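The values are calculated or read from the model by the stated rules, or taken from the named source; none is laboratory data. Quantities reported herein were computed from a predicted structural model and do not represent experimental measurements. All Cβ positions, even for glycine, are placed from backbone atoms using ideal geometry, and neighbour counts span all protein chains on display. Side chains are part of the model used for accessible areas, which takes the heavy atoms of the whole protein and leaves out ligands, DNA and RNA. Shrake-Rupley method; radii C 1.70, N 1.55, O 1.52, S 1.80 Å.
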Amino acid sequence: MRVVKEAEERKQEILDTAEMLFGTKGFDNTSTGDILDAVGIARGTLYYHFKSKEEILDGVIERMTNRLMQDAKEIAQNKELPVLERFTKAIMSLNVESKIGYEVMEQVHRPQNALMHQKMQTTLLAGINPILTELVEEGIEQGICHTQYPESVVEMTMLYANTAFDELNIAEISLEQRDKKIAGFIYNAERLMGMEEGSLQEAIMEIFRGSRLGSGEN
């Protein structure tokens, strides 16, 4: 058991170091040799845990996704906040703010990493959907939402958002087109959840204000 614990600690140390180097030097400019030197281990030890630099990145992504899900869950469970505020903050917690986050997203959006991108999106959606579904169910109990299919509504809303506001696509359109996309998303999300028109306006706009999509950068 002691050996297993030490092996897991070593794996996390490698991921910690890789995350730091990817964030400061960039993925392309970081070699496995850089990681070896920084951790102070032999190449064989590294390859015991990860077969390639791409596999290390995959491990960083998985760990990052788990952190994001834990943050979203803690927010959703804070009953001291109104349900719509928790809904908003849970989604906002999925925004990648750190340098390593941006470096990871740059990597997963590359054509050669399409499978990695799909895996990350699938993992995020699978994790966040149950969390948001519980919040919609709470909204139903409070008379804010009116739908018999909260789980399906959340799934459709998140898939819609993921497709409509993918950073690669949104960067290619004008501010006017982006504003129309956001307005259309809010309108349709309210219809899906059976909410009064305007109910999600402030909550959803807060999400966009807290992301690069609402920064006015093209």
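Mind giving me the FRET efficiency for R110 and E197? R0 is 25 Å, r the Cβ-Cβ distance, nearest 0.05 is fine.
For R110 and E197, the calculated efficiency is 0.05.
Count neighbours as other Cβ atoms within 10 Å of each site's Cβ, and list the trypsin sites (Lys or Arg not before Pro) in segment 73-131 that are DSSP loop with at most 13 such neighbours.
Passing both the DSSP loop test and the Cβ count: K79.
Tell me the carbon and sulfur percent of the accessible area for the chain, rounded to whole percent, probe radius 1.4 Å.
Carbon-and-sulfur percentage of accessible area, whole number: 51.
Using label points projected 7 Å from each Cα along Cα→Cβ, tell me how many nm separate S52 and D71, to one decimal.
2.9
In the chain, which helices (entire DSSP H runs) extend 20 Å or more along their own long axis, judged by Cα positions, while averaging at least -0.5 on the Kyte-Doolittle scale?
Result, helices passing both filters: 114-141, 150-164.
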